[in-house]
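The next block holds one structure in the form of structure tokens; read it before the comments.
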Amino acid sequence: MKAGIVGFNGSGKTTIFNALTGLRAETGPGGKARENTGIIKVPDSRVAELAVQHNSKKQVLAEVQFLDVATPQTGRELGGGLPAQVLGAMQGCDALVVVLRGFANPNLEAPPQPSRELNNFRAELILSDLAPLENRLERIKKEADKARERSLIEKCIAHLEAERPMYSLALNSAETQTLSGFSMLTSKPMLLLLNQEEDDFAGGLPEDISAAARGEGLELMAISGKLEMDIAGLPPQEQQEFLAAMDITASARDRFVQRAYSLLELISFLTTGEDESRAWPIRQGTTALKAAGKIHSDIARGFIRAETIAYEHLIALGSEKKARDAGKMRAEGKEYIVQDGDVINFRFNV
Ligand SMILES: Nc1nc2c(ncn2[C@@H]2O[C@H](COP(=O)(O)OP(=O)(O)OP(=O)(O)O)[C@@H](O)[C@H]2O)c(=O)[nH]1
Ligand SMILES: [Mg+2]
């Protein structure tokens, strides 16, 4: 599962990438040649709680991959077009985190104009989605057996030309299937991240950008990239002290990672025992059989049942045995749709 950190030149993508991953990729005008990738662990206090209850030797958190998509300066104006390589990198992502610049960047002339940036960025994505649809339409316009595809593509083009993103177009599953090969950028889940100075937080989110996000039906979060990067660069002990001194319990980083996780439509099921307590990332709607396969193909092959206790019940009742006695352990079959926080013990036989 991969989330792309995207946005216009100098919006603070690499800074935020560093804050998330704890890596030290080069920021500023010199650092734009490369793409950076990093893995982040998704904070989940349930893993630690389970580890205490079960005396686990090890704790393992779910992981998500982040890609920092460098945007070379392509024009004087904001949004002077996004180069093919940037668009291609975004296409390979499962979700997009769009960084909007809300701070004065000394390397750029333009003052921060985040809502304009949002508009322009989204226009770029729409343009990029239109081109292959138009090509395809041209190619199949005379083919008698392609009438259905043609009308679908025409519907999409009309929608995009009205400057609306694909995610706001209702499609049935056959239509979604037909369009999947285009991997359209505006059909990807998107989270807006306003990168602003810490001093600006007191004022709350600026009204114009909040309204723009609401209008788009998108989630918007503010972050101070630079501050978060500095926090992430401290040793763990000092991070705690720093956050305590600022009277906050978790950095924006943790909140952001959790939001990005749900943006990717990910949930976690949990396993626990003396060896380890662990969170496993799966897509919403994953069956018990598929979830078993995430752990090991043998467990899926020899699947018997998934002994499942909701995390809250397990913690409240104190042990697996007590949960079982209280009737809170369910024996689920292969087709069971796994829920976030299910603590599962897979029974299998190979
Ligand atoms: N004051 C302030 N400066 C920031 C903040 N976030 C990033 N910067 C600075 O803005 C400049 C650009 O940040 P980068 O993280 O390199 O931006 P980018 O989006 O990766 O830039 P490109 O990859 O070139 O498109 C750097 O000098 C950062 O130190 C912030 O929250 N506040
Ligand atoms: Mg960068």
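Can you compute the helix-only [θ] at 222 nm over the chain? Use -39500 (n - 2.57) per DSSP H run of at least 4 residues, normalise by all residues, nearest 500 deg cm²/dmol. Let's see the in-between values first.
Numbers: 14 runs with 142 residues, N = 350.
Helix-only estimate at 222 nm: -12000 deg cm²/dmol.
Quick one: length gained pulling VAL350 to LEU130 fully straight, 0.36 nm per residue minus the C-alpha distance? Could the numbers behind the result be given before it?
On the way: separation 220, 0.36 × 220 = 79.20 nm, distance 5.00 nm.
Taking VAL350 through LEU130 to full extension adds about 74.2 nm, to one decimal.
Within the chain, what's the longest run with no trypsin sites (Lys or Arg not before Pro) in a DSSP loop and at most 13 other beta-carbon atoms within 10 Å? Give the range, please. Please report the intermediate quantities before stating the final value.
Working: sites that count: ARG24, ARG34, LYS57, ARG76, LYS141, LYS142.
It runs 143-350.
What number results when the radius of gyration of segment 203-253, computed over Cα atoms, is divided by 2.2 N^0.38 Å? Walk me through the intermediate numbers first.
Details: Rg = 14.3 Å, N = 51, 2.2 N^0.38 = 9.8 Å.
Cα-based Rg divided by the globular estimate yields 1.46.
Work out how far the C-alpha atoms of segment 1-145 reach from end to end along every principal axis, then list the three figures in whole Å, largest first.
66, 54, 26
By Kyte-Doolittle mean hydropathy of at least -1.0 and Cα axial length of at least 20 Å, which whole DSSP H helices of the chain are selected?
Details: long enough: 114-140 (40 Å, -0.47); 147-161 (21 Å, -0.31).
Helices meeting the span and hydropathy rule in the chain are 114-140, 147-161.
List the GluC sites (Glu not before Pro) within segment 191-225 that fall in a DSSP loop (any state other than H, G, I, E or B) and whose Cβ has at most 15 other Cβ atoms within 10 Å. Spell out each step's value before the answer.
On the way: sites: GLU197, GLU198, GLU207, GLU216, GLU219; in loops: GLU197.
Qualifying residues, ordered by number: GLU197.
What share of Cα pairs, in percent, lie more than 20 angstrom apart in segment 285-348? Intermediate values should be presented prior to the final figure.
Numbers: 512 of 2016 pairs.
Of all Cα-Cα pairs in segment 285-348, 25 percent lie more than 20 Å apart.
Can you give the translational diffusion coefficient of the chain in µm²/s, computed by Stokes-Einstein from the Kirkwood radius over Cα pairs at 20 °C and 1.002 mPa s?
Details: Rh = 22.6 Å.
After rounding, the answer is 95 µm²/s.
For SER56, what is the net charge nearby, where nearby means another residue's Cβ is under 10 Å from its Cβ and Lys, Arg count +1, Asp, Glu -1? Numbers along the way, then the final one.
Values: positive: LYS57, LYS58, ARG278; negative: GLU274, ASP275, GLU276.
The answer is 0.
Name the long-range amide H neighbours of ALA310: under 5 Å, sequence gap of 5 or more, or other chain; modelled H, no Pro or chain starts.
VAL343
Under the Karplus relation 6.51 cos²θ - 1.76 cosθ + 1.60, θ = phi - 60°, what is the ordered set of whole-Hz ³J(HN,Hα) values for segment 319-327, x standing for Gly and Pro?
So the Karplus estimates, Gly and Pro as x, are 6, 4, 4, 5, 5, 5, 4, 7, x Hz.
For LYS58 and ARG330, calculate 0.36 nm times their separation in residues minus their Cα-Cα distance, and state this gained length in nm to one decimal. Write out the running numbers ahead of the final one.
Values: separation 272, 0.36 × 272 = 97.92 nm, distance 2.58 nm.
Here the segment from LYS58 to ARG330 would lengthen by 95.3 nm.
Once amide H atoms are built 1.01 Å from N in the peptide plane, which residues 5 or more positions from GLY302, or in another chain, come under 5 Å H to H?
Result for GLY302 returns ASN349.
So for the pair ASP200, ASP254, with labels modelled 7 Å out along Cα→Cβ, what separation do we get in nm?
About 2.6 nm, to one decimal.
Between LYS294 and ALA144, what length in nm is gained on full extension when 0.36 nm per residue of separation is reduced by their alpha carbon distance? Walk me through the numbers before you get to the answer.
Numbers: separation 150, 0.36 × 150 = 54.00 nm, distance 4.39 nm.
That pair, LYS294 and ALA144, stretches by 49.6 nm at full extension.
Let me see the P(r) profile for segment 146-249: every Cα-Cα distance counted, bins of 5 Å, each bin given as a percent of all pairs.
2, 9, 15, 14, 12, 10, 10, 9, 8, 6, 3, 2, 1
By the gyration tensor of its Cα atoms, with a ≥ b ≥ c the square roots of the eigenvalues, what is the shape of segment 193-310: rounded for a/c under 1.5, prolate for a/b over b/c, or oblate?
Working: a/c = 3.69, a/b = 1.72, b/c = 2.14.
Oblate.
ALA222's amide H: which non-local residues (gap 5+, or another chain) put their own amide H closer than 5 Å, with H modeled 1.01 Å from N in plane and none for Pro or chain starts?
Correct list: LEU194.
Among LYS41/LYS294; LYS57/LYS294; LYS2/LYS294; LYS2/LYS334, which pairs are too far apart, with a Cα-Cα distance over 25 Å? Can you show the working numbers first?
On the way: LYS41/LYS294 17 Å; LYS57/LYS294 21 Å; LYS2/LYS294 17 Å; LYS2/LYS334 27 Å.
Beyond 25 Å between Cα atoms: LYS2/LYS334.
For segment 38-143, which GluC sites (Glu not before Pro) are in a loop by DSSP, counting at most 14 other Cβ atoms within 10 Å? Could the numbers behind the result be given before it?
On the way: sites: GLU49, GLU63, GLU77, GLU109, GLU117, GLU124, GLU134, GLU138, GLU143; in loops: GLU77, GLU109, GLU143.
Loop-located and lightly packed - GLU77, GLU109, GLU143.
Readers should treat all values here as calculations from the given coordinates under stated rules, not as data from a laboratory. Computed from a prediction, not measured in an experiment: that's the story for all the values here. Every residue, glycine among them, receives a Cβ derived from its backbone with ideal geometry; neighbour counts consider all protein chains shown.
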